[in-house]
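Following: one structure in C-alpha cells, then a few remarks.
The values are calculated or read from the model by the stated rules, or taken from the named source; none is laboratory data. Predicted model, so just to flag it, every value in this text is computed and none were measured. Heads up, the Cβs are rebuilt from the backbone with ideal geometry, glycines too, and the neighbour counts pull from every protein chain shown.
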Amino acid sequence: MEVAAAMFSSIGQYPVRLDDKFRFALPSAIRHNFETGAVLIARQGYVALHTAGQWEEFVLNLRAKLVDGTLSRMHFNAILAGAAPISLDAQGRTVLPPALRAHLNCDRDLVLTGLHDFFGINVPSNQPDGDPSVKEAALAILEESAM
C-alpha cells in the first residue's frame, strides 16, 4: 500500500516560484508526503526531491552498489555529500540551497515534475515536455499502450 501511495503522489507538474529568501512552497496536493522530512540532491540537469522514505531506499540501493563493488567509496561519498536534508515550515515552504540553485542556474521560476518515485525540480525551459516532439512521442506511446 505504501509503494502505491508513493507512486501516485509523484506524478503531475507544479509551477513554483522562489521568494526573496529562496524558499518555495510545495503544492498542497503533494505537501503531506514531505511533512516528515525530505532530501534534495543534484542530478544531471535537475534537482531530485525525495521523501524521507524514498531517500532511505535510494541510499540502500547505493550502499548495495558500494558493497558489490559497482560503486566506489569515492563516488558514494560524493553523491551523499551533494544531498541536502530539508524540512517544511508551517506554510509548506523550504529553502533551495545555494549549491542547488547554482546547479539549476535558476532565476525564480521552477517546475516540480513527478518522475514516478520522486519529484524533479527544474527551470521551465528544461522541462522534457517543452520539446513538442517529445510530447507527441509520449502521447503516441500512451495511445499504443491502450490505457
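Let's see how each residue does on (1) of a type outside the set (S, T, N, Q); (2) in contact (Cβ under 8 Å) with a residue 12 or more places away in the chain:
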| residue | (1), (2) |
| --- | --- |
| SER87 | no, yes |
| VAL95 | yes, yes |
| ARG101 | yes, yes |
| CYS106 | yes, yes |
| ASP109 | yes, yes |
| PHE119 | yes, yes |
| SER133 | no, no |
| GLU143 | yes, no |
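Looking at the structure I just gave you, is ALA42 touching a His at 6+ places or on another chain (Cβ under 6 Å), modelled with pLDDT of 90 or more and part of a strand (DSSP E or B)? Give the steps one after another, and end with the answer.
Values: touching a His at 6+ places or on another chain (Cβ under 6 Å): yes; modelled with pLDDT of 90 or more: yes; part of a strand (DSSP E or B): yes.
Considered against the rule, which asks whether it is touching a His at 6+ places or on another chain (Cβ under 6 Å), modelled with pLDDT of 90 or more and part of a strand (DSSP E or B), ALA42 comes out as yes.
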**Request:** Take ARG23 and decide whether it is more than 26 Å from LYS135 (Cβ to Cβ) and either surrounded by 19 or more Cβ atoms within 10 Å (Cβ to Cβ) or touching a Lys or Arg at 6+ places or on another chain (Cβ under 8 Å) (or both).
**Result:** yes
**Complete:** Those residues of segment 69-105 that are closer than 17 Å to LYS21 by Cβ and part of a loop (DSSP other than H, G, I, E, B) come to a total of 8
**Asked** Inside segment 109-133, can you point out the residues that are at pLDDT 80 or above and loosely packed, with under 13 Cβ neighbours inside 10 Å?
**Response** HIS116, SER125
